[in-house]
Amino acid sequence: MRKPNIVWLTTDHQAFANHYHYQPQFEGKLAAYERLASEGRTYEEAYSVCPLCTPARASMVSGVYPHRHGMILNPPEDKPYAYRMDFDSPFELFGEAMKQSGYRVAQFGKWYGGAKTAEELGFEGWTLPYYGRPLETEAYAAYLKRNGLPNPEVEVLWHATEPEIVGKKYDLTQHYQYAFGPFSAARRMTTPIEGHESYFTADMACQWLEEYERSGSSQPFVLKVDVWGPHHPYDTAAPFAGSVDPAALLKPPSFSDTYKNKPQNYRSTKEHWKCLDGMSWEEMSRVLAICYEHAMVVDSGLEKILNQLDTAGFLENTVVILTADHGDQLASHGGLFNKDTLMVEEVMKVPLVIRWPERVKAGEKDDVPVTNMDLVETVLELGGAEGLLATDGVSVLGEKRREHLMCETYGCYRYEFVQRMLRWKQYKYIAHCGDLDELYDLEKDPFEMENRIEDEGYRAVLGEMKMRLKNEMLRYGDTEGEAKEILRTL
């Protein structure tokens, strides 16, 4: 039997938990996601292994925890970095194992695994070093010319730290994201949606699929496509611009979080975004509406890849995976922004759907805890390469299932607020290094408003969670640095 092709789609910084299924105006508006969910399996308890781009993405190509691959923070481009910045060898990554198993392996779009690109590490395709500025590249200029598109222009609708630029227009080939401080803007494209980076990235993937089809090859492939959106700055575009009415959005309970009985890092995060102090729900809802519309723009770009698979007749023998690297805490927990140093559901939970008619029934739902790191072991198993790379993951399509799940984080802007998270049943425990721990009953409290860490009624649950977390940390060799300090408290 022929091995299946695999198309793995990854969005960046996806607003999802306590966003997508909570807001009636947002739910059901992501056509590619909804199609895959209706034709495949939805994983309702999917988490980011680490809620930060580089650590999560490095785990999503190596299959091991960040403390094992060593890329625990986003590497800066312009100053020394105290932690690992690059993979040393292609043999650390799933791509080499899949090639040994007979696959072609390609990666297009965002990489963010250091100075080395995916091509330097053995993948076909097109990526950029570090975060990357795709709209400033020759490849993007050629895409515009080939499709008769103008340079992309945006009008700034909101900015957290530079309100004086609201109303101004910018050519994104000259001012991509770095022109707007810490990405803290909401914008509207005044040029066609096809100029959006997600359409450009999807177009490269579609061209690769067309070339593969023309070749007549029977060699199976893995095509991994990572777009830069809907990471802020949030960009809406026609036909989605104005489709979400800010006045009709529901105000999440955690927007008014006062951090009672919460760790210090909530207050530190709020202090980092002090520019948002006093921001009303009316103003925040306008930003949130553009965030949701940006997700729709990105999803419509990814839909082009599904259509190409349909056109080429590949879909029935292709496993399609759609997920994200991490979430977005926008408008949650006191009106925050970005992801920062918290392990709240809004940044930890990610969408995950898999379509494979051969083994997955249409419309299935799975509530076993999984992580995006597990997708490496899943891809290896699909390609018969599971013995060629040692991972920390568990195939989400396999018979082995987790009872609980560990995730980790080290900070956002620098090494700080080291934490470990354990999910088990309806409970979530977060162990902090030198700060108050957290315990939530997500069945009763999905917005994490009541920290039960000192609640006598949850003492037995807390003891069980601590024991399980300790066992996981020991099992995966998570015993150095601040992890050692956390272990001493368990």
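The values are calculated or read from the model by the stated rules, or taken from the named source; none is laboratory data. Computed from a predicted structure; not experimentally measured. Please note: Cβ atoms are built from the backbone with ideal geometry, for glycine as well, and neighbour counts cover all protein chains shown. Remember, those area values only see protein heavy atoms, side chains included, never the ligands or the DNA or RNA. Shrake-Rupley method; radii C 1.70, N 1.55, O 1.52, S 1.80 Å.
Could you order the peptides 356-364, 394-402 from most to least packed, using the average number of other C-beta atoms within 10 Å per residue?
Going by the mean number of other Cβ atoms within 10 Å, highest first, we get 394-402, 356-364.
Relative contact order for the chain: what percent, with Cα pairs under 8 Å and sequence separation of 6 or more?
Relative contact order of the chain: 25 percent.
Taking a probe of 1.4 Å, how large is the accessible area per residue of the range 187-249, in Å²?
Numbers: 2010 Å² over 63 residues.
In whole numbers, the range 187-249 has 32 Å² accessible per residue.
In Å², and per residue, what accessible area does the range 1-52 have when probed at 1.4 Å with the other protein chains present?
Result: 30 Å² of accessible area for each residue.
Past 30 Å, Cα to Cα: identify those pairs from K339/K444; K145/K224; K224/K361; K169/K224; K99/K466, in the order given.
K169/K224; K99/K466
Kindly give Rg over Rh for the range 400-490, based on alpha-carbon atoms, with the Kirkwood expression for the hydrodynamic radius.
Result: Rg/Rh = 0.96.
Going 7 Å from the Cα of E358 in the Cα-to-Cβ direction, what parts of the range 2-41 have a backbone nitrogen less than 11 Å from that spot?
Label zone hits: 2-6.
How much length is gained if the chain between D445 and A82 is pulled fully straight, taking 0.36 nm per residue apart and subtracting their Cα-Cα distance, in nm to one decimal?
Taking D445 through A82 to full extension adds about 126.9 nm, to one decimal.
At a Förster radius of 35 Å, what calculated FRET efficiency corresponds to the Cβ-Cβ distance of R146 and T489, to the nearest 0.05?
The value I calculate is 0.05.
P(r) of the range 379-452 in 5 Å steps, Cα pairs, percent per bin?
3, 13, 17, 16, 15, 14, 12, 7, 2, 0
For the chain, what is the charge dipole size about the Cα centre, in debye to the nearest 20, if Lys and Arg each add +1 at the Cβ and Asp and Glu each add -1 at the Cβ?
Charge dipole of the chain: 440 debye, to the nearest 20.
Tell me the net charge near R286. Cut-off is 12 Å between Cβ atoms, R286 excluded, with +1 for each Lys or Arg and -1 for each Asp or Glu. Don't skip to the end; give the middle numbers.
Numbers: positive: R188; negative: D245, E282, E283, E293.
Neighbourhood net charge equals -3.
³J(HN,Hα) across the range 195-205 via Karplus (A = 6.51, B = -1.76, C = 1.60, θ = phi - 60°), whole Hz, x for Gly/Pro?
Each residue of the range 195-205 in turn: x, 5, 4, 5, 5, 4, 5, 5, 4, 4, 5 Hz.
Taking 0.36 nm per residue of sequence separation and subtracting the Cα-Cα distance, how much length would be gained by fully extending the chain between A139 and E456, in nm to one decimal? Intermediate values should be presented prior to the final figure.
Numbers: separation 317, 0.36 × 317 = 114.12 nm, distance 5.98 nm.
Taking A139 through E456 to full extension adds about 108.1 nm, to one decimal.
Go ahead and estimate [θ] at 222 nm for the chain from helices alone: -39,500 (n - 2.57) per DSSP H run with n ≥ 4, summed, over the residue count, rounded to 500.
Calculated from helices alone, the mean residue ellipticity at 222 nm is -8500 deg cm²/dmol.
P(r) tail for the range 336-490, what percent of Cα pairs lie past 18 Å?
Counting every Cα pair in the range 336-490, those more than 18 Å apart make up 63 percent.
Compute the relative contact order of the range 364-411 as a whole-number percentage, counting only Cα pairs closer than 8 Å that sit 6 or more residues apart in sequence.
Reported as a whole number, the value is 43 percent.
Please give the FRET efficiency for E119 paired with T258, using the beta carbon to beta carbon distance and R0 = 51 Å, rounded to the nearest 0.05.
On the way: r = 49 Å, r/R0 = 0.96.
After rounding, the FRET efficiency stands at 0.55.
What net charge is computed for the residues neighbouring H13, neighbours being all others with C-beta under 9 Å from the C-beta of H13, Lys and Arg scored +1, Asp and Glu -1?
Local charge sum for H13: -2.
Rounding to the nearest 20 debye, state how big the charge dipole of the range 1-134 is about its Cα centre with +1 on each Lys and Arg Cβ and -1 on each Asp and Glu Cβ.
So the dipole magnitude of the range 1-134 works out to roughly 220 debye.
Please turn the phi angles of the range 261-273 into ³J(HN,Hα) values with the Karplus equation 6.51 cos²θ - 1.76 cosθ + 1.60 (θ = phi - 60°), one per residue in order, whole Hz, x for glycine and proline.
Rounded to whole hertz, the list is 6, 10, x, 5, 5, 5, 5, 5, 5, 4, 5, 4, 9.
Which loop-located GluC sites (Glu not before Pro) does the range 416-445 contain, where loop means any DSSP state but H, G, I, E or B and the Cβ has at most 12 other Cβ atoms within 10 Å?
Within the range 416-445, the qualifying GluC sites (Glu not before Pro) (loop, at most 12 other Cβ atoms within 10 Å) are E443.
Testing the spin-label approximation: label points 7 Å from Cα along Cα→Cβ at K400 and M467. State their distance in nm.
Rounded to a tenth, the inter-label distance reads 2.3 nm.
Aspartates and glutamates near K470 by alpha-carbon distance under 14 Å, same-chain residues fewer than 8 away left out - which ones?
Within the straight-line limit of under 14 Å, K470 reaches these aspartates and glutamates: E408, D478, E480, E482, E485.
In percent, how large is the relative contact order of the range 316-445, given Cα pairs closer than 8 Å and 6 or more residues apart?
17
Leaving out ligands, DNA and RNA, what percent of the accessible area of the chain is carbon and sulfur, probe 1.4 Å?
Answer for the chain: carbon and sulfur cover 48 percent of the accessible area.
How big is the range 9-65 in terms of Cα radius of gyration and Dmax, in angstroms?
Gyration radius and largest Cα-Cα distance of the range 9-65: 13.1, 37 Å.
Considering the dipole of the range 315-377 built from charges on the beta carbon (Lys and Arg +1, Asp and Glu -1) around the Cα centre, which of M373, V353, M343 is farthest to its positive end?
V353
Let me know the charge dipole size of the range 97-138 about its Cα centre in debye, to the nearest 20, where only the beta-carbon of Lys, Arg (+1) and Asp, Glu (-1) is charged. Present the calculation step by step, with values, prior to reporting the outcome.
Working: 5 positive and 5 negative charges, 38 e Å.
Dipole magnitude for the range 97-138 comes out near 180 debye.
With every protein chain left in place, what is the accessible area per residue of the range 296-417 in square angstrom, probe 1.4 Å?
For the range 296-417, the per-residue accessible area is 29 Å².
Give the cross-link partners of K365 among the aspartates and glutamates, using a straight C-alpha distance below 15 Å as the criterion and excluding same-chain residues fewer than 8 apart.
Cross-link targets: E34, E39, E44, E45.
In sequence order, what are the phi-derived ³J(HN,Hα) couplings for the range 321-337 according to the Karplus relation 6.51 cos²θ - 1.76 cosθ + 1.60 with θ = phi - 60°, rounded to whole Hz, with x for glycine and proline?
Each residue's phi maps through the Karplus curve to give 10, 10, 8, 9, 6, 6, x, 9, 8, 3, 6, 9, 6, x, x, 8, 9 Hz.
Work through the residues other than A37 whose Cβ is under 11 Å from its Cβ and net out their charges, Lys, Arg +1 and Asp, Glu -1. If you can, show how the numbers build up before the last one.
Numbers: positive: R35, R41, R355, K365; negative: E34, E39, E44, E364.
Computed value for this residue: 0.
Please state, as a whole number in µm²/s, the translational diffusion coefficient that the Stokes-Einstein equation yields for the chain at 10 °C and 1.306 mPa s, with Rh defined as the Kirkwood radius across alpha carbon pairs. List each step's numbers first, then the result.
Working: Rh = 22.8 Å.
The Stokes-Einstein estimate is 70 µm²/s.
Taking 0.36 nm per residue of sequence separation and subtracting the Cα-Cα distance, how much length would be gained by fully extending the chain between V368 and T479, in nm to one decimal? Mind dumping the intermediate values first?
Numbers: separation 111, 0.36 × 111 = 39.96 nm, distance 2.63 nm.
Separation in residues times 0.36 nm, less the Cα-Cα distance, equals 37.3 nm.
Which of the trypsin sites (Lys or Arg not before Pro) across the range 114-216 are loop residues per DSSP, with 13 or fewer other Cβ within 10 Å?
K168
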